[in-house]
Every structure is written in C-alpha cells, then in structure tokens.
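Beneath this line is the structure, given in structure tokens, with notes to follow.
The values are calculated or read from the model by the stated rules, or taken from the named source; none is laboratory data. Model, not experiment: these values are computed from the prediction. Every residue, glycine as well, gets a Cβ built from its backbone with ideal geometry; the counts of neighbours run over all protein chains shown.
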Amino acid sequence: MIEPTPTPRPFGKPWRFAEAAAFLDIAERTFYRWQKSGRIRPIKISGKIYLPDELVRRIASEGDAFLDSTLESNLNETPLKIA
C-alpha cells in the first residue's frame with residue numbers, strides 16, 4: 001500500500017503547540033515549560049497561542065544551542081500579539 005505524501009507546511013505559518021510537538025517529536029508540555037522559563041516566546045493570534053514558524057524550524061535544526069542563546073534575550077520582552 002502506498003502511503004500518502006504529506007503536504008509540505010507553508011513557510012511562515014504559525015504552529016499550534018501540538019503540531020510543533022509532533023513535528024519535533026517532543027512532549028507538548030515541553031513548550032509550556034520553555035515558555036514559563038523564558039526560552040521561547042509564543043505569539044497570540046485572535047486569543048490563541050502559536051509558535052512562530054521560524055522558531056520551530058530553528059529548534060529543529062539547531063536544538064538546545066538555539067534555545068540557550070534565546071533565553072537571555074527573551075527574559076525582558078513581552079509576548080507578541082497579532083490581532
């Protein structure tokens with residue numbers, strides 16, 4: 001049986017936590033821990049929380065090295081909001 005080929009995700013489309021967790025093969029609650037510790041800054045769109053596409057793709061390619069470098073720069077910034 002031939003498996004259907006998944007449609008590539010458009011660049012720039014924000015990720016729900018569950019989608020990003022499945023893509024990165026990590027637990028969804030990991031994002032909540034990272035958010036609480038300041039390692040990531042999610043964005044709000046119409047009251048819902050998303051992860052920027054660039055963030056998810058950089059985590060996939062650079063892993064902890066990227067997260068550690070963003071920790072300090074994110075501590076004093078407020079979350080982005082998009083109406």
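Scanning segment 26-83 for residues that are part of a loop (DSSP other than H, G, I, E, B) and either in contact with a Cys (Cβ under 9 Å, 6 or more places away or on another chain) or modelled with pLDDT under 75 (or both) yields LEU75, ASN76, GLU77, THR78, PRO79, ALA83. Looking only at segment 29-71, which residues are touching a residue at least 24 places away in the same chain (Cβ under 8 Å), under 24 Å from PRO10 (Cβ atoms) and hydroxyl-bearing (Ser, Thr, Tyr)? Passing the criteria: SER46, TYR50, THR70. Taken over segment 11-25, the residue count meeting the criterion of being assigned to a helix (DSSP H, G or I) and either free of Cβ contacts under 8 Å to residues at least 12 places away in the same chain or in contact with a Gly (Cβ under 8 Å, 6 or more places away or on another chain) (or both) is 4.
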